[in-house]
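The structure appears right after this line, and notes come after that.
What follows draws every value from the coordinates through simple rules; no lab data is involved. Remember, it's a predicted structure, so these values are computed and weren't measured experimentally. Don't worry about glycine lacking a Cβ; one is built from the backbone with ideal geometry, like all the others, and counts go over all protein chains shown.
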Amino acid sequence: MDEETSKARLVDPGIRKLYRIESRWQAWLDVEAALARAQADLGIVPREAADTIARCARLELLDRARIDEALARTSHTIVPLVWELSRVAGEPAGGWVHWGATTQNITQTGDLLVLRQAHHIFLAQLRKLLGAMAELAERGADMVIAGRTHGQHAVPATFGYKVAVWIDELLRHIERLQQIEPRIFVAMLGGAAGTYASLGAQGPAVQEGIAKYLKLIPMRVPARTTGDHMTEYVTLLGLLGATGGKIGREIYTLMKTEFGEVEEPVPPGTVGSSTMPQKRNPKLCQEVIAMSAELRALVPLALEAMQTEHEADRTTSLMMKDVMSRACIATGDMMARLDVIVSGLSLDPQRMRDNLELGGGLIMAEAVMLKLGQAIGRQHAHDVVYDAAQAAFVEKKSFADLLAADARVTKHMSRSEISALLDPAEYTGLCANMAREQAARARVEAKSERRSPLLSES
């Protein structure tokens with residue numbers, strides 16, 4: 001992905017920063033501190049040692065050069081960090097660091113603390129996007145556009161109705177993301193194989209204590225092979241990505257020269273091509289579509305990461321680490337672009353109307369059929385209107401004239417009635433109502449300050 005093309009007009013959502021190694025290390029240190037405190041509460045670790053460990057569990061207090069040297073020497077994920085925390089804590093406190101824990105207990109729990117921060121950003125991005133969509137839905141509520149099915153004119157709709165569909169889908173994504181919170185934000189401390197052997201009967205209580213300090217939920221069975229909760233989260237991001245891609249693709253299509261009905265923001269000075277000065281390319285939409293594809297493609301890999309062998313397998317842990325970071329970064333970037341697109345989308349109602357007229361009234365065939373059907377029955381009316389519609393298309397004749405020349409039609413309606421039936425603005429159903437209803441729902445969610453206790457800072 002070329003990050004340079006559009007970043008000047010984008011607000012960085014901050015996801016990349018979360019997934020830098022320094023951020024992950026600090027999250028792991030937070031878990032180590034919670035572990036010591038929880039064990040002190042149960043008399044496993046001396047209180048003074050736990051307080052010292054917690055006080056020293058700050059990355060800025062540790063020697064980065066020592067950590068890097070130990071990483072190069074040991075090729076181990078967390079041992080160098082544990083060593084350095086133990087050194088800074090001093091004796092005897094340092095001897096109690098990482099007591100009874102295994103690497104994955106700390107790294108997985110810590111990585112979920114990082115994900116919790118990303119999750120909060122996603123919800124904020126969604127609410128901001130819904131606020132912009134509410135404005136867009138109302139702006140286009142009565143703006144008549146060709147409804148298209150199978151790539152062809154179907155019946156008239158309004159642009160606001162399209163946005164209503166997007167809003168409805170995004171609101172369900174918020175609901176899904178909120179529902180997964182108690183399943184995804186969990187603390188794990190089962191020891192080397194998830195059996196609590198290192199802590200015995202006190203193991204579950206230690207895990208509960210860690211969860212309390214980190215505002216997480218303790219795992220019922222702290223198995224290192226359990227990954228369905230993380231896979232579910234990636235799958236939800238895949239669903240959100242699919243919606244984003246659908247929106248991006250729709251705007252991309254409607255922005256094509258042959259459509260010209262909408263245009264993503266193209267600020268003055270934007271260059272679309274190094275050789276074609278006229279180009280006004282859908283840069284942001286293209287990036288959204290690409291990021292959506294990446295998100296959807298990560299879902300199968302997340303499913304594969306659930307195939308953990310025996311009681312632990314670093315292979316699948318590595319897969320999930322990569323999947324989660326990539327999925328979160330892509331989601332944040334995609335949402336940032338969608339917000340700019342929706343907030344600044346230009347609509348061209350005249351071009352929408354011009355495109356409606358391309359079929360010479362054929363888009364109103366259903367309306368004519370239903371009106372005529374009141375007199376002669378729906379199926380007979382379908383046959384009559386079908387004859388006129390196909391002749392109009394194939395022979396390039398006026399649909400209105402063909403209807404007005406058919407005695408089966410004129411027996412039941414006048415030329416003026418036929419003309420009235422061919423007005424697309426009179427056949428948009430409840431599009432405007434749905435646009436305004438969904439805009440209202442979007443505004444309610446956009447103003448929501450609901451924040452789960454699981455999203456609080458640890």
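Computed from the Kirkwood radius of its Cα pairs, the Stokes-Einstein diffusion coefficient for region 336-431 at 25 °C and 0.890 mPa s stands at 165 µm²/s.
Rounded to the nearest 10 degrees, the inclination of helix 314-343 to the longest alpha-carbon principal axis of the chain is 40 degrees.
Once you wrap a convex hull around the alpha carbon atoms of region 346-387, what is its projected area averaged over all directions, in nm²? Could the numbers behind the result be given before it?
On the way: hull surface 14.0 nm².
Value for region 346-387: 3.5 nm².
The 3J(HN,Hα) values that the Karplus relation (6.51, -1.76, 1.60; θ = phi - 60°) gives for region 215-225 are, in residue order, 6, 10, 10, x, 5, 5, 10, x, 6, 6, 8 Hz. Gly and Pro appear as x.
Could you tell me what % of all Cα pairs in region 27-179 have separations over 25 Å?
Working: 6232 of 11628 pairs.
Distances greater than 25 Å cover 54 percent of the Cα pairs.
Rounded to whole numbers, the Karplus 3J(HN,Hα) couplings from phi for region 425-431 are 5, 8, 9, 9, x, 9, 3 Hz, using 6.51 cos²θ - 1.76 cosθ + 1.60 with θ = phi - 60°, and x at Gly and Pro. For region 363-458, applying the loop criterion from DSSP together with a ceiling of 12 other beta carbons within 10 Å to the trypsin sites (Lys or Arg not before Pro) yields Lys396, Lys411, Lys447, Arg450, Arg451. DSSP bridge analysis restricted to the chain gives an antiparallel fraction near 80%, rounded to the nearest 5.
Straight-line cross-link partners of Lys371 among the lysines, defined as a Cα under 26 Å from its Cα and at least 8 positions apart when in the same chain: Lys396, Lys397, Lys411.
Amide H contacts under 5 Å for Met188: Thr109, restricted to partners 5 or more places along the chain or on a different chain, H placed in the peptide plane at 1.01 Å from N.
Rounded to the nearest Å, what's the spacing between the alpha carbon centres of region 280-322 and region 362-389? Just the number, please. Each part reduced to its Cα centre gives a spacing of 50 Å.
Placing one identical point scatterer on every Cα of region 147-234 and ignoring solvent, what is log10 I(q)/I(0) from the Debye formula at q = 0.15, 0.24 Å⁻¹? Here log10 of I(q) over I(0) equals -0.68, -1.12. Overall dimensions of the chain, expressed as equivalent-ellipsoid semi-axes from the Cα gyration tensor (√(5λ), whole Å, largest first), are 60, 23, 18. Once both axes come from the Cα atoms, what is the angle between helix 103-139 and the longest principal axis of the chain, in degrees from 0 to 90, rounded to 10? Once rounded, the angle reads 20 degrees.
In whole percent, what relative contact order does region 145-245 give with Cα contacts below 8 Å and a gap of six or more residues?
Numbers: 91 pairs, mean separation 25.1, N = 101.
Computed value for region 145-245: 25 percent relative contact order.
Taking region 176-318 as the region of interest, the number of lysine pairs whose Cα atoms are within less than 17 Å, with members eight or more places apart or on different chains, is 4.
Taking amide H as placed 1.01 Å from N in the peptide plane, the amide H of Gly147 sits under 5 Å from that of Ala154, Val155, Ala157, each at least 5 places away or on another chain. Each residue of region 31-45 was assigned a 3J(HN,Hα) from its phi angle through the Karplus expression (A = 6.51, B = -1.76, C = 1.60, θ = phi - 60°), giving 5, 4, 5, 5, 4, 4, 5, 4, 6, 5, 4, 9, x, 7, 10 Hz with x at Gly and Pro. Straight-line reach from Lys321: taking Cα to Cα under 19 Å and skipping same-chain neighbours fewer than 8 places apart, the aspartates and glutamates in range are Glu22, Asp30, Asp111, Glu181, Asp228, Glu232, Glu294, Glu304, Glu309, Glu311, Asp313, Asp333. Note on region 277-376: Kirkwood radius taken over Cα pairs, Stokes-Einstein applied at 4 °C and 1.567 mPa s, translational D equal to 70 µm² s⁻¹. Compared with the dominant principal axis of the Cα atoms in the chain, helix 47-56 is inclined by about 50°.
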